[in-house]
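Everything below concerns the one structure shown next.
The values are calculated or read from the model by the stated rules, or taken from the named source; none is laboratory data. Keep in mind the model is a prediction, meaning the values are calculated, not measured. Note that each Cβ is placed from the backbone with ideal geometry, even for glycine, and that neighbours are counted across all protein chains shown. Ligands, DNA and RNA are stripped out before the accessible areas are found, and what is left, the full protein with its side chains, is counted by its heavy atoms. Shrake-Rupley method; radii C 1.70, N 1.55, O 1.52, S 1.80 Å.
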Amino acid sequence: LAGTPHQSFNRVIPSAAYVSEAAALFTAGTLEGPRVAVVHDELIRNRVIGQAFADAYGKPDAGPLAGVFPVISVNLDADAVAEEIRAEAPDVVYYAGRPSTAAALANRLDGVTFILAEREMAAEFVDLAGADAEGAYVLDLLPPAGDAVDELAARYADLYDAVPGSAIYAYTVDAVNMLLDGLEAAGAAGLDGEFVLDRGALQAYIRAYEGAGITGPLVCDGSGDCGSAELQVYIIRDGELVAAD
């Protein structure tokens with residue numbers, strides 16, 4: 001769904017493309033705009049994530065883009081791909097795909113810093129890449145936090161006698177509240193007292209929604225994405241993923 005225009009799809013859960021775009025800003029700013037090669041594997045999701053980084057990094061005032069390199073993990077010729085990438089002399093590789101492919105490339109690209117698209121890749125990447133994983137970065141979305149989230153979690157625990165396993169429940173509450181606000185704004189009483197809904201008005205209301213949610217500010221930008229998010233930068237040091245300074 002990331003990067004694809006939708007006329008009737010809306011969400012408060014942050015897009016995976018947010019992380020890619022933030023990684024591009026981090027690379028252009030904190031890492032001072034190095035030459036970056038974007039590598040992604042054959043999965044559609046990884047292609048979109050990689051392209052989101054490339055699009056954001058290719059904007060003015062960012063650094064030079066060495067190119068986008070699609071790979072097929074199942075029949076990877078790591079030597080050939082590494083040679084192709086090396087020919088473009090990147091300082092950084094932004095990678096979206098399987099950890100095994102990232103490790104194979106890191107073992108062949110000495111002096112190139114890797115930025116992994118997802119935190120879940122890090123442990124396997126370290127195991128497979130060994131010392132070549134050192135210094136790689138990962139950006140990750142932080143779960144929503146604050147008094148409103150804590151209060152909702154307490155209500156959830158009282159109601160279901162269980163601790164929430166993820167933040168999905170909080171995003172769900174925000175989505176339902178947005179929809180209820182929209183129904184109130186777009187609905188009306190018919191001649192016989194029945195509820196009448198103008199679906200076009202509801203769509204327009206949600207597309208332009210702004211408000212304070214449980215998970216943070218909600219601002220719908222017309223593309224279907226309404227959520228906000230905070231991120232943490234991590235770095236691999238001594239084989240461990242730690243928060244960057």
So, over other residues within a Cβ distance under 14 Å of residue 158, counting Lys, Arg +1 and Asp, Glu -1, the net charge is -2
Give me the accessible area of residue 166, 1.4 Å probe, in Å² rounded to the nearest 10.
60 Å²
Taking the Cα centre of the stretch 114-159 as origin, work out the dipole magnitude from +1 charges on Lys and Arg Cβ and -1 charges on Asp and Glu Cβ, in debye rounded to 20.
80 debye
In degrees, nearest ten, helix 16-29 long axis to first principal axis of the chain (Cα):
50 degrees
Here the convex hull volume per residue of the stretch 50-101, taken over Cα atoms and given in Å³, is 77 Å³
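Counting only C-alpha contacts under 8 Å and six or more residues apart, can you give the relative contact order of the stretch 1-94 as a whole percent?
33 percent
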Cα convex hull of the stretch 149-204 - mean projected area over all directions, nm²
5.4 nm²
Euclidean distance between Cα centres, the stretch 212-245 to the stretch 50-126, Å
22 Å
Given charges at beta-carbon only (K, R positive; D, E negative), |dipole| of the stretch 140-245 in Debye:
260 debye
The answer for the chain, accessible area per residue at 1.4 Å probe in Å², is 54 Å²
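Of the chain, which part is the longest with no GluC sites (Glu not before Pro) in a loop (DSSP not H, G, I, E, B) and with at most 14 other C-beta atoms within 10 angstrom?
So the longest stretch without any such site is 89-193.
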Radius of gyration and Dmax for the stretch 94-161's Cα atoms, expressed in Å?
17.9, 54
Checking 52, 201, 162 against a Gaussian network model of the chain (alpha-carbon springs below 10 Å), the top fluctuating residue turns out to be 162
Sort 237, 86 from largest to smallest accessible area, using a 1.4 Å probe on the heavy atoms of the protein chains.
86, 237
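Past the 15 angstrom mark, what percentage of all C-alpha to C-alpha distances in the stretch 89-130 do you count? Could you put the intermediate results ahead of the total?
Values: 258 of 861 pairs.
When all Cα pairs of the stretch 89-130 are counted, 30 percent exceed 15 Å.
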With 10 Å bins from zero, work out the P(r) of the stretch 33-180 over every alpha carbon pair and list the percent per bin.
11, 33, 24, 17, 13, 2
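Using heavy-atom solvent-accessible surface (probe 1.4 Å) with all chains present, what is the largest-first order of 116, 142?
Of 116, 142, the descending order of accessible area is 142, 116.
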If ligands, DNA and RNA are left out, what is the accessible area of residue 72 with a 1.4 Å probe, given in Å² to the nearest 10?
90 Å²
Solvent-accessible surface ranking, highest first, for 141, 191, 43, 105 at 1.4 angstrom
191, 43, 141, 105
